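The block underneath contains the structure these notes are about, expressed in structure tokens.
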Amino acid sequence: NIPQIETGVLTDVLNMPWGVEIYGLLTRWNPLNIKRPYALEYNGRNVLVVGLGPAGYTLSHYLLNEGFGVVAIDGLKIEPLPEALTGAAAKGISPRPIRDWSEIYRPLDERVLEGFGGVSEYGITVRWDKNFLTLIHLTLARRDKLQIYGGVRFGGSLPIDEAWSMGIDHIAIAAGAGRPTIIDIKNNLIRGIRKASDFLMALQLTGAFKKDALSNLQVRLPAVVIGGGLTGVDTATELMAYYPIQVEKTADRYDALVRDLGEARVRGMMDAEELGILDEFRAHGAAVKAERARAAATGEAPNFIDLIREWGGVTLAYRKRMQEAPAYRLNHEEVALALQEGISFTEHMNPVEAIPDEFGHVKAMAFTRADGSRIELPARTVLVAAGTAPNVIHEKEHPGSIALDNQQKFFQGFRAVKTADRFTLEPDASGFFTSHNTGGKFISYYGDNHPRYHGNVVKAMASAKHGYPHVVALFADDMAKLDGARQPQREAAWQSLVAKLDDQLLARVERVVRLTPTIIEVVVRAPAAARHFHPGQFYRLQNFERLSPHIRVDDHVASMVMEGIALTGAWVDAEQGLLSLITLEMGVSSRLCAYLQPGEPVVVMGPTGTPTEIPEQSAVLLAGGGLGNAVLFSIAKALKARGNKVLYFAGYKNGADVFKREDIEAGTDQVIWATDAGVSIAAHRQQDHHFRGNIVQAMVAYAEGKFGAPVVPLKDVKRIIAIGSDRMMNAVRVARHGVLQPHLDPQHVGIGSINSPMQCMMKEVCAQCLQRHVDPETGREEFIFSCYNQDQELDRVDFDNLQARLRQNSVQEKVSNLWFEHLLEKAEPELQHR
């Protein structure tokens, strides 16, 4: 078992006194490496490494040893390591030497989820000790010519041309796997069905498996994982390990909340389906606690395998024989260990249908076999691990920037050939260079992006080892002519580049403003993210675990870590680098926004999504419901700037909920304020009016002339943009073919900004945001990544599917929300709230 032998060598070194420092030294000095026995001095050339997964961090290591400056970006949140351990050259802080490995080693349920490592962090089974990933992170972070920036999306806040202009000499794409495969089954993506990448990211990047986590990841048993690759095996084993933690945590929190608040309060927030799931979790949680108690009494480890099997177990379903499964062919030990842990492996299973229960939640999966027989497996959770496509999203977003191969799957490969005093690109399927060439500056690619190296972590790391010499060769002539006397100037240029990048790419809270009793505005300084914003786009906001508020609960400390939340830019000040994000306090993460402090570093990943299409010299109806009105500020302003007539229907549950009305009025020709209850909204302009009722009723009243002569007749409207809750947008969709149909131009277009559940928001990666579409003419089914394009034709969106997917964690979300209130009652007085 070679991996076990290698791990043994590593741990033997780490467990020596100063073992961490010895390991770090050996990454920079290796007398057995004849070609490069020690790291070279900085050569003045800088490489942008896109992605800090296995290929990216390995490539960074090799390039640093060759003397390059490395700027590494990743779309994920990357937690900062303590400066005492990493050092901070700009502040004159040297890293504190680590005598014992135990100083930084943490039990996995206590370890800070750093985000560093990509799939090494979220996609590999916990049988691999992720403290080793912290070791890699620390070793690289100590290198003074490496700068790491998390929450930065290549092509979003950092486009190619800006990288060149800032002083980058080469770009290396190691962005990892992209779009998950969507299998063709009936009732696809009903509630209970997820992609494996969605599950693994939610589990490992939000810390859902931790006892104190406030993040939500709801799974039920029996569970079926579809696929035969290593990701499928990892998904099955992780699900089996997570389920006892989930139900025990739910049961403990429920019991504590009932003691504090009473059973009626806790159960009263659930509907019939949710109560059934809650009681299922409570019963299973009690059984888990009983098994823990039994094991403790006998001095042995708890055995949850029999319990999980009793509750339906976890089955890996593969369409061929086990021996043909990629997991078996690549690493049969993983399959053997999974079977030992209680996973069932079922062969020759071709999925054809998800069978729903009376609530629309999956209850079974139907499969066919080669002999034509049909088999149904009970399944309350279905996770699909059917492979992924390479991440070539940059070319999809920016056509013509990087050529794809004939199959439009991978980047087209090239090799760099030196002719006279310059390099040119020649097609080579095995080459490491893409087609991009800007004045002799090239882009290379690695790992899952490369056809020779996609598929697993080891091959991704190999791609970096095999590919970096080709990058070094581009600059060999320059390196041979380096003038040692100019080293101070090179060092100064690096510091200047770092200062520019820090200023542009790091986000900090400027201020937090309460707009209404339930709506918060977070203004951040994030110059690059603000500068590249277009109306309609959005961002992923997160706080850092190491910087988050902490609340002492009994004998331990709970950190108040946000899940990533999708927030649209309400306004930007590009000159000042400011960006406004507005959120409605509904769940734990949105409520945590009120605890952000001025000056606090945060992650603002984006802009992402697709800019809203802005026509010219047309008539547009905007319909905003509640928080949806925040999204429409920038859209209305852009519409007016292009000569459009803008009619705005602003809907609120209560008149007291209105916020930033001046921004609404500034971008509109007429506003109809609609409220369900509470105080009326007094019109400030002669042409504006208030209506008591919902937004559709307000539109009908407008069409019937109840507000006088219309400023923008509905018959003139060419485009309707509705942004609000799923129910509100669906109501607008239905009304366009019902009560509003006689008043509208039959050729108008109806658009909704679809609020799918989202997680990574990096475009076609985790697939939590998948939204079912149905062609209204042909009935053809299609699935759209809402984080790639949130603006979707209302007539195509399956709103029942959207509503169901928004409820996929509802039991946990409701319990977590009450638990958060429970924690706040125990919080120290200094925990500040806006």
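The values are calculated or read from the model by the stated rules, or taken from the named source; none is laboratory data. Note that the structure is predicted; figures quoted are calculated from it, not measured. Here the Cβ positions follow ideal geometry from the backbone for every residue, glycine too, while neighbour counts run over all protein chains shown.
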**Prompt:** Pick from segment 447-475 the residues that are among the aromatic types (F, W, Y) and in contact with a helix residue (DSSP H, G or I) (Cβ under 7 Å, 6 or more places away or on another chain): which of them is farthest from G176 (Cα to Cα)?
**Reply:** Y468
**Request:** Go through segment 670-693 residue by residue and tally those that are surrounded by fewer than 17 Cβ atoms within 10 Å (Cβ to Cβ) and in a strand (DSSP E or B).
**Result:** 3
**Asked** For segment 621-650, which residues satisfy the criterion of being of a type in the set (G, A, S) and farther than 24 Å from Y539 by Cα?
**Response** G643
**Prompt:** Of the residues A327, A386, which is more than 30 Å from G155 (Cα to Cα), under 30 Å from the mean Cα position of the chain (by Cα) and in contact (Cβ under 8 Å) with a residue 40 or more places away in the chain?
**Reply:** A327
**Asked** Which one of these does L48 not meet: (1) assigned to a helix (DSSP H, G or I); (2) in contact with a His (Cβ under 9 Å, 6 or more places away or on another chain); (3) under 27 Å from R486 (Cα atoms); (4) of a type outside the set (S, T, N, Q)?
**Response** (1)
**Request:** Could you check A251 against (1) in a loop (DSSP other than H, G, I, E, B); (2) over 19 Å from the mean Cα position of the chain (by Cα) and say which number it fails?
**Result:** (1)
**Asked** If we only count strands (runs of 3 or more DSSP E) wholly inside segment 545-661, which ones have 2 or more residues that are within 21 Å of the chain's Cα centre (by Cα)?
**Response** 565-573, 578-584, 601-608
**Request:** Return the only residue of T610, T568 being surrounded by fewer than 20 Cβ atoms within 10 Å (Cβ to Cβ), within 29 Å of F785 (Cα to Cα) and among the hydroxyl-bearing types (S, T, Y).
**Result:** T610
**Message:** Exactly one of these conditions fails for D795: (1) touching a strand residue (DSSP E or B) at 6+ places or on another chain (Cβ under 9 Å); (2) crowded, with 18+ Cβ neighbours inside 10 Å. Give me its number.
**Reply:** (2)
**Subset tally (residues that are in a loop (DSSP other than H, G, I, E, B), in contact with a strand residue (DSSP E or B) (Cβ under 7 Å, 6 or more places away or on another chain) and closer than 28 Å to K409 by Cβ) for segment 172-225** = 8
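Out of segment 758-803, which residues are part of a loop (DSSP other than H, G, I, E, B), closer than 22 Å to G624 by Cα and not polar (S, T, N, Q)?
Residues of segment 758-803 part of a loop (DSSP other than H, G, I, E, B): 758-769, 775-780, 786-790, 794-796, 798.
Filter again for closer than 22 Å to G624 by Cα, leaving 758, 769, 786-790, 794-796, 798.
Within segment 758-803, M758, C769, C787, Y788, L794, D795, R796, D798 qualify.
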**Prompt:** Within segment 391-410, can one find any residue that is touching a Pro at 6+ places or on another chain (Cβ under 9 Å), part of a loop (DSSP other than H, G, I, E, B) and under 26 Å from D234 (Cβ atoms)?
**Reply:** yes
**Prompt:** Only one residue in A84, A88 is within 29 Å of the chain's Cα centre (by Cα) and exposed (fewer than 14 other Cβ atoms within 10 Å of the Cβ), so which one is that?
**Reply:** A88
**Prompt:** Do the conditions hold for S94, that is, is it surrounded by 16 or more Cβ atoms within 10 Å (Cβ to Cβ) and within 17 Å of L140 (Cβ to Cβ)?
**Reply:** no
**Request:** State the number of residues belonging to segment 290-321 that are charged (D, E, K, R), within 28 Å of A366 (Cβ to Cβ) and in a helix (DSSP H, G or I).
**Result:** 3
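Among the candidates R127, R143, single out the residue that is part of a loop (DSSP other than H, G, I, E, B), surrounded by fewer than 24 Cβ atoms within 10 Å (Cβ to Cβ), of a type outside the set (G, A, S) and modelled with pLDDT of 95 or more.
Of the residues listed, the single one that is part of a loop (DSSP other than H, G, I, E, B), surrounded by fewer than 24 Cβ atoms within 10 Å (Cβ to Cβ), of a type outside the set (G, A, S) and modelled with pLDDT of 95 or more is R143.
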**Request:** Select from segment 24-66 the residues that are more than 35 Å from the chain's Cα centre (by Cα) and in contact (Cβ under 8 Å) with a residue 40 or more places away in the chain and write down the one among them that is surrounded by the most Cβ atoms within 10 Å (Cβ to Cβ).
**Result:** N43
**Item:** Test result for A336, surrounded by fewer than 17 Cβ atoms within 10 Å (Cβ to Cβ), modelled with pLDDT under 95, more than 30 Å from the chain's Cα centre (by Cα) and part of a helix (DSSP H, G or I)
**Value:** yes
**Prompt:** Among (1) modelled with pLDDT under 95; (2) on the phi > 0 side of the Ramachandran plot; (3) out of contact with any Phe, Trp or Tyr (no Cβ under 9 Å at 6 or more places or on another chain); (4) surrounded by 23 or more Cβ atoms within 10 Å (Cβ to Cβ), where does T206 come up short?
**Reply:** (2)
**Request:** Scan segment 490-521 for residues that are modelled with pLDDT of 95 or more, over 27 Å from K418 (Cβ atoms), out of contact with any strand residue (DSSP E or B) (no Cβ under 7 Å at 6 or more places or on another chain) and of a type outside the set (S, T, Y) and jot them down.
**Result:** E491, A492, Q495, A499, K500, D502, D503, Q504
**Message:** Of everything in segment 361-373, what is assigned to a loop (DSSP other than H, G, I, E, B) and either at negative phi or buried (at least 16 other Cβ atoms within 10 Å of the Cβ) (or both)? Give them in sequence order.
**Reply:** R369, A370, D371, S373
**Prompt:** Could you list, in sequence order, the residues of segment 459-497 that are in a helix (DSSP H, G or I), touching a residue at least 60 places away in the same chain (Cβ under 8 Å) and among the hydrophobic types (A, V, I, L, M, F, W, C)?
**Reply:** A460, M461, A464, V471, V472, L474, M479, A493, W494, L497
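Identify, from the list A731, A656, A650, A666, the residue that is closer than 27 Å to E613 by Cα and surrounded by fewer than 16 Cβ atoms within 10 Å (Cβ to Cβ). I'd like the intermediate steps shown before the answer.
Numbers: A731 fails: surrounded by fewer than 16 Cβ atoms within 10 Å (Cβ to Cβ); A656 fails: closer than 27 Å to E613 by Cα; A650 fails: surrounded by fewer than 16 Cβ atoms within 10 Å (Cβ to Cβ).
Matching residue, one of A731, A656, A650, A666: A666.
Counting only residues that are free of Cβ contacts under 8 Å to residues at least 12 places away in the same chain and within 25 Å of E291 (Cα to Cα), how many does segment 307-324 have?
Initial filter on segment 307-324 (free of Cβ contacts under 8 Å to residues at least 12 places away in the same chain): 310, 323.
From what's left, within 25 Å of E291 (Cα to Cα): 310.
Of the residues in that region, 1 qualify.
Considering only residues that are within 30 Å of the chain's Cα centre (by Cα) and part of a helix (DSSP H, G or I), look in segment 256-275 and name the one that is surrounded by the fewest Cβ atoms within 10 Å (Cβ to Cβ).
L275
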**Message:** Please pick out the residue among E376, E358 that is modelled with pLDDT of 95 or more and either in a strand (DSSP E or B) or within 14 Å of P222 (Cα to Cα) (or both).
**Reply:** E376
